[in-house]
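Undergrad: One structure is given below, represented as structure tokens, and several questions about it will come after.
The values are calculated or read from the model by the stated rules, or taken from the named source; none is laboratory data. Quantities reported herein were computed from a predicted structural model and do not represent experimental measurements. Note: ideal-geometry Cβ built from the backbone for every residue, glycine included; neighbour counts use all protein chains shown.
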Amino acid sequence: MSLDGQVPGGPIDSKWESHKAHMSLVNPANRRKYNIIVVGTGLAGASAAATLGEAGYNVTALTILDSPRRSHSIAAQGGINAAKNYKNDGDSVYRLFYDTVKGGDYRAREANVHRLAEVSVDIIDQCVAQGVPFAREYGGLLDTRSFGGAQVSRTFYSRGQTGQQLLIGAYQAMMRQVDAGTVKILARREMLDLVLVGGHARGIIARNLVTGALERYAGDAVLLATGGYGNVYFLSTNAGNCNVTATWRCARRGAYFANPSFAQVHPTCIPETGDYQAKLTLMSESLRNDGRVWVPKSSGDHRSPDQIPDGERDYFLERKYPSFGNLVPRDVASRNAKSVCDEGRGVGSTGRAVYLDFRDAIQRLGHDKVAEKYGNLFDMYKHISNEDPYQVPMRIYPAVHYTMGGLWVDYHLMSNVPGLFVLGEANFSDHGANRLGASALMQGLADGYFVVPYTLANYLANTQLGAVKQDGDDFRATEQVVSERIANLLKVNGKKTVLEFHRELGRVMWDHVGMARNRKGLEGALASVKKLREEFQQNVKVIGKADDMNKALEFGLRVADYMEFSEIMVRDALDREESCGCHFREEYQTPDGECQRNDEKYSYVAAWEYTGPGKEPILHKEQLKFEAAAVKQRSYK
Amino acid sequence: MSETRNFKLRVWRQANAAATGKFVEYDAKGISPDASFLEMLDLVNDELIKRGEDPIAFDSDCREGICGSCSCVVDGVPHGTEPAITTCQLYMRNFHDGATVTVEPFRAKAFPVLKDLVVDRSAFDRIIAAGGYVSVGTGSAPEANEMPVPKDDAEAAFEAAACIGCGACVAACKNASASLFVGAKLEHMARLPQGQAERYRRVARMVAQMEAEGFGACSNEAECQAVCPKEIPTSVIQRMNRDYLKTWLKTI
């Protein structure tokens, strides 16, 4: 079955403006009558809650953490893109749009990306007005830097803590609405199910993580801003509480999951060192502005880096991609790091790392300038690795970082379930098969500040929504499902812990659904995840009570969902018999080892419909058409 | 990587907010010095689960020192004895083999313990809701470069805005004062032109909320600055006091 993205007509550069002018509105006096549930308070959720609160809606915002200010957007380091063209280097809305579509390897929805580029400039204005302390030049105007996949300098930043500063801006805007009485924050709440009434999303069941009580929240629309599912790989740069549960539970209620196999591997992370590790730490891509990536020319060269002369170093990104050099997009940089390590030229004790060297930058700019630009990143690296990057090159290796896949949404950011809107990383729409650096912050804030406030009003104004009660049958029945699920998990009392299962699942996913994939490996992974899921159901050990603060239970429920969800990731990777962006199928590559897309057959969004436990999901396709960005083979040479 | 270390942990266990807590001893065996402190706790917890014992509850999320979730007092010091880091950035290489390590929650009247090492810091959110923002609605912002901000002011604002809201400052203060946290937000706003319009209203309301939440007065001992993972200086408290005084003088 084919899906319709509901993209409005007209030329690409006026679609959004003219659509905004024609969408229905909700009268200011009527807005307070609508209850809007926002799940997740990262950039997308907090900016949406703030803006809807300002408009006068009655908003309830839930966060899994103890404070909305801690959401994982806070960890984004490098920056946020905007087509301001302050550097007079040829940037424009069109160029940001084009770079993003090309960077996503032509697997994003063109109209969404153009809208994103259009509102990017408003985001910077908004954040500056909120008091976000962006980096500035001596003249007092905003500074920018370059990021991967772009030849202009359009990335605004606050040292290496841009996500933190933008999130605090959005959080404060939301807290202002708490002050005004339009937004209510519920912290330490985890959404465990979606409540449908008459086919519309009308509420959620959440678990109070302090008391363990199941709570019902009813509303007129549900906005999911629950982030990505990178932790399906166990080791990733995601925070410990990031999970797929909210989106997967919606998928089980009928929302389609789009492009689940599109998971970004970030090239500049601190390499893995041992089994005890709970997560991997990312070093901002901005480091590639001045750091040079290299490995020894010959395999088995174990000399310390300062003993290897330039002539015996292979600056492989600069060699292979002279125009973009170290600033090639993430998927390209990651794959190349993997392949030099596969050749036996990797460095460090495990041989699974490459150097990111600042020697030349320190010589050119001086220690102080480098410290000003990257000081906190260098400190972070030193804390973790116990090595000083001012003296010794950093060792980096790719790690899972971001998931482009997510719940399918139309142009209005509404899923196929009416009333269920999905924002930020939780949806699939803007980054295609590979996200460019500094685009995630842009998308989260675009969705929350500037898109969903319009499209939600249009939905509410055009939909007859009857009153719903939290004690109604639909809520009771859904809560019953959740409570049985919890009881069943606590009942298993097997031998293996959730952590052990999660680690095993992660290993299967990383080995076969990671940076390089092939049919044989994927078919093996499909069998492995099914087997692991069955074993989990019979042999997992989750202890403690349901009606208590029980972190073991929280993680148990999340890993149980990963066990189900991983299967559609594998199926999606199997279905897509081409290579594009992050999805590198070894069978489909150009003679020089780059992605070989198959636009004739696979220029579609793969949206998967869940059909029941153990049953094959149904694939729905949204055909992608490119009118404004000419489709071509991606080249960064 | 073959070298591992053993530790004896004394951990605060408390079933819930109403219960009486106590220290319980655990062994952490075969720990890599490259493991982080919280990874060590993960391993201890996994052993506890296997034995059918309730694992140690602690808050943690990003594990890279930016979210502010972790809230442990390690060997008597919030976030441990290493300077300028959070608990999650503490590595076991900093503890010698055989060491006894004491782990407690942040303690303050305004941060009630919920379970074990988990505390309720929602008072900080309520302080921010009492004016820790610029009142600018979405869509009403002027062009970003219309108002230049001197680089030094932007940098100073950033350094104050780097506060992660972890609450170590409160836990370190004998009066359990939130002055460093509140001062940091006021400094962030006061250094920027965008923060001027509401500057004095903000300080009055945030200070009132801080007092209402049960935080004490500044002890002037600067213990907060010493434990702050982002090294926010006590000069932000001086600005808070100056601005508060000006606000108060206006009322008489």
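Undergrad: Taking the stated definitions as given, is A:Val152 buried (at least 24 other Cβ atoms within 10 Å of the Cβ) and either among the charged types (D, E, K, R) or more than 10 Å from every other protein chain (Cβ to nearest Cβ) (or both)?
TA: no
Undergrad: Could we say that B:Glu211 is of a type in the set (Asp, Glu), under 19 Å from the mean Cα position of the chain (by Cα) and assigned to a helix (DSSP H, G or I) here?
TA: yes
Undergrad: So how many residues does region A:421-451 have that are among the β-branched types (Val, Ile, Thr) and under 21 Å from A:Val128 (Cα atoms)?
TA: Of the residues in that region, 1 qualify.
Undergrad: Within region A:463-471, does at least one residue satisfy the condition of being touching a helix residue (DSSP H, G or I) at 6+ places or on another chain (Cβ under 9 Å), closer than 23 Å to A:Tyr402 by Cβ and at pLDDT below 95?
TA: No.
Undergrad: Looking at (1) within 12 Å of the chain's Cα centre (by Cα); (2) within 8 Å of chain A (Cβ to nearest Cβ); (3) charged (D, E, K, R), can you tell me which one B:Lys50 breaks?
TA: Condition not satisfied by B:Lys50: (1).
Undergrad: Moving to a separate point now. Which condition breaks for B:Met40 when tested against (1) aliphatic (A, V, I, L, M); (2) modelled with pLDDT of 95 or more; (3) more than 17 Å from A:Leu499 (Cα to Cα)?
TA: Of the numbered conditions (1) aliphatic (A, V, I, L, M); (2) modelled with pLDDT of 95 or more; (3) more than 17 Å from A:Leu499 (Cα to Cα), the odd one out for B:Met40 is (3).
Undergrad: Moving on. Going by the structure shown, is A:Leu224 of a type outside the set (D, E, K, R), over 30 Å from A:Asp290 (Cβ atoms), touching a Ser or Thr at 6+ places or on another chain (Cβ under 8 Å) and surrounded by fewer than 24 Cβ atoms within 10 Å (Cβ to Cβ)?
TA: no
Undergrad: Under the condition of being in a helix (DSSP H, G or I) and in contact with a Gly (Cβ under 9 Å, 6 or more places away or on another chain), which residue from region A:502-532 is surrounded by the most Cβ atoms within 10 Å (Cβ to Cβ)?
TA: Only one residue fits best here, namely A:Val508.
Yes/no matrix, rows are residues, columns are (1) out of contact with any Leu (no Cβ under 8 Å at 6 or more places or on another chain); (2) in a strand (DSSP E or B):
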{"position": "A:Val26", "(1), (2)": "no, no"}
{"position": "A:Ile36", "(1), (2)": "no, yes"}
{"position": "A:Thr41", "(1), (2)": "no, no"}
{"position": "A:Gly45", "(1), (2)": "no, no"}
{"position": "A:Ala48", "(1), (2)": "no, no"}
{"position": "A:Thr51", "(1), (2)": "yes, no"}
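Undergrad: Here is a list: A:Ser73, A:Ser67, A:Ser92. Which entry is within 9 Å of chain B (Cβ to nearest Cβ) and either within 23 Å of A:Leu282 (Cβ to Cβ) or modelled with pLDDT of 95 or more (or both)?
TA: Of A:Ser73, A:Ser67, A:Ser92, the one residue that is within 9 Å of chain B (Cβ to nearest Cβ) and either within 23 Å of A:Leu282 (Cβ to Cβ) or modelled with pLDDT of 95 or more (or both) is A:Ser67.
Undergrad: Here is a follow-up. Considering region A:264-310 alone, what residues qualify as being away from chain B (no Cβ under 14 Å), among the basic types (Lys, Arg) and in contact (Cβ under 8 Å) with a residue 24 or more places away in the chain?
TA: A:Arg288, A:Arg292, A:Lys297
Undergrad: So which of A:Tyr171, A:Tyr157 is touching a residue at least 12 places away in the same chain (Cβ under 8 Å), of a type in the set (Phe, Trp, Tyr) and more than 10 Å from chain B (Cβ to nearest Cβ)?
TA: Exactly one residue qualifies, and that residue is A:Tyr157.
Undergrad: Give just the number: which of (1) away from every other protein chain (no Cβ under 14 Å); (2) surrounded by fewer than 24 Cβ atoms within 10 Å (Cβ to Cβ); (3) within 30 Å of A:Gly291 (Cβ to Cβ); (4) without any contact (Cβ under 8 Å) to a residue 60 or more places away in the chain does A:Pro389 not satisfy?
TA: Result: A:Pro389 fails condition (2) only.
Undergrad: Considering region B:211-221 alone, what residues qualify as being surrounded by 17 or more Cβ atoms within 10 Å (Cβ to Cβ) and hydrophobic (A, V, I, L, M, F, W, C)?
TA: B:Phe215, B:Cys218
Undergrad: Is it the case that region B:56-74 has a residue that's farther than 25 Å from A:Glu387 by Cβ, facing chain A (nearest Cβ under 7 Å), part of a helix (DSSP H, G or I) and of a type in the set (A, V, I, L, M)?
TA: No, the conditions are met nowhere in region B:56-74.
Undergrad: Please tell me if A:Ala46 is among the hydrophobic types (A, V, I, L, M, F, W, C), at pLDDT 95 or above and under 20 Å from A:Gln126 (Cβ atoms).
TA: Answer is yes for this residue.
Undergrad: OK, next. Which numbered condition trips up A:Lys531, out of (1) within 12 Å of chain B (Cβ to nearest Cβ); (2) free of Cβ contacts under 8 Å to residues at least 60 places away in the same chain; (3) among the charged types (D, E, K, R)?
TA: (1)
The rows are residues; the columns are (1) farther than 30 Å from A:Arg576 by Cβ; (2) among the aliphatic types (A, V, I, L, M); (3) surrounded by 24 or more Cβ atoms within 10 Å (Cβ to Cβ); (4) out of contact with any Asp or Glu (no Cβ under 6 Å at 6 or more places or on another chain).
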position: A:Gly56; (1), (2), (3), (4): yes, no, no, yes
position: A:Ile74; (1), (2), (3), (4): yes, yes, yes, yes
position: A:Gln77; (1), (2), (3), (4): yes, no, yes, yes
position: A:Ala82; (1), (2), (3), (4): yes, yes, yes, yes
position: A:Ser92; (1), (2), (3), (4): yes, no, no, yes
position: A:Arg95; (1), (2), (3), (4): no, no, no, yes
position: A:Asn112; (1), (2), (3), (4): no, no, yes, no
position: A:Ala117; (1), (2), (3), (4): no, yes, yes, yes
position: A:Ile123; (1), (2), (3), (4): yes, yes, yes, yes
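Undergrad: Okay, moving on. Just name the residue that is surrounded by the fewest Cβ atoms within 10 Å (Cβ to Cβ) out of those in region A:579-619 that are among the small types (Gly, Ala, Ser) and closer than 18 Å to A:Arg517 by Cβ.
TA: My answer is A:Gly593.
Undergrad: Moving on. Within region A:136-149, take every residue that is facing chain B (nearest Cβ under 7 Å) and crowded, with 20+ Cβ neighbours inside 10 Å and give me the one that is nearest to A:Ala438 (Cα to Cα).
TA: Selected residue: A:Leu142.
Undergrad: Can you name the residue in region A:355-384 that is touching a strand residue (DSSP E or B) at 6+ places or on another chain (Cβ under 7 Å) and modelled with pLDDT of 95 or more and is also surrounded by the fewest Cβ atoms within 10 Å (Cβ to Cβ) among such residues?
TA: So the residue we want is A:Asp360.
Undergrad: Can I ask one more? Just give me the residues in region A:320-354 being surrounded by fewer than 17 Cβ atoms within 10 Å (Cβ to Cβ), of a type in the set (Ser, Thr, Tyr) and assigned to a helix (DSSP H, G or I), in sequence order.
TA: Passing the criteria: only A:Ser339.
Undergrad: Does any residue of region B:191-202 turn out to be polar (S, T, N, Q), within 14 Å of another protein chain (Cβ to nearest Cβ) and either more than 16 Å from A:Val132 (Cα to Cα) or touching a residue at least 40 places away in the same chain (Cβ under 8 Å) (or both)?
TA: Looking through region B:191-202, at least one residue is polar (S, T, N, Q), within 14 Å of another protein chain (Cβ to nearest Cβ) and either more than 16 Å from A:Val132 (Cα to Cα) or touching a residue at least 40 places away in the same chain (Cβ under 8 Å) (or both).
Undergrad: Within region B:127-142, does at least one residue satisfy the condition of being at the interface with chain A (Cβ under 7 Å from one of its Cβ atoms) and under 15 Å from the mean Cα position of the chain (by Cα)?
TA: There is at least one residue in region B:127-142 that is at the interface with chain A (Cβ under 7 Å from one of its Cβ atoms) and under 15 Å from the mean Cα position of the chain (by Cα).
Undergrad: In addition: Can you name every residue in region A:95-134 that is touching a strand residue (DSSP E or B) at 6+ places or on another chain (Cβ under 9 Å), within 14 Å of chain B (Cβ to nearest Cβ) and in contact (Cβ under 8 Å) with a residue 60 or more places away in the chain?
TA: A:Ser120, A:Ile123, A:Cys127 - these are the residues of region A:95-134 that are touching a strand residue (DSSP E or B) at 6+ places or on another chain (Cβ under 9 Å), within 14 Å of chain B (Cβ to nearest Cβ) and in contact (Cβ under 8 Å) with a residue 60 or more places away in the chain.
Undergrad: Oh, and also: Can B:Asp97 be described as at the interface with chain A (Cβ under 9 Å from one of its Cβ atoms), farther than 28 Å from B:Val203 by Cα, in contact (Cβ under 8 Å) with a residue 24 or more places away in the chain and among the acidic types (Asp, Glu)?
TA: In short, no.
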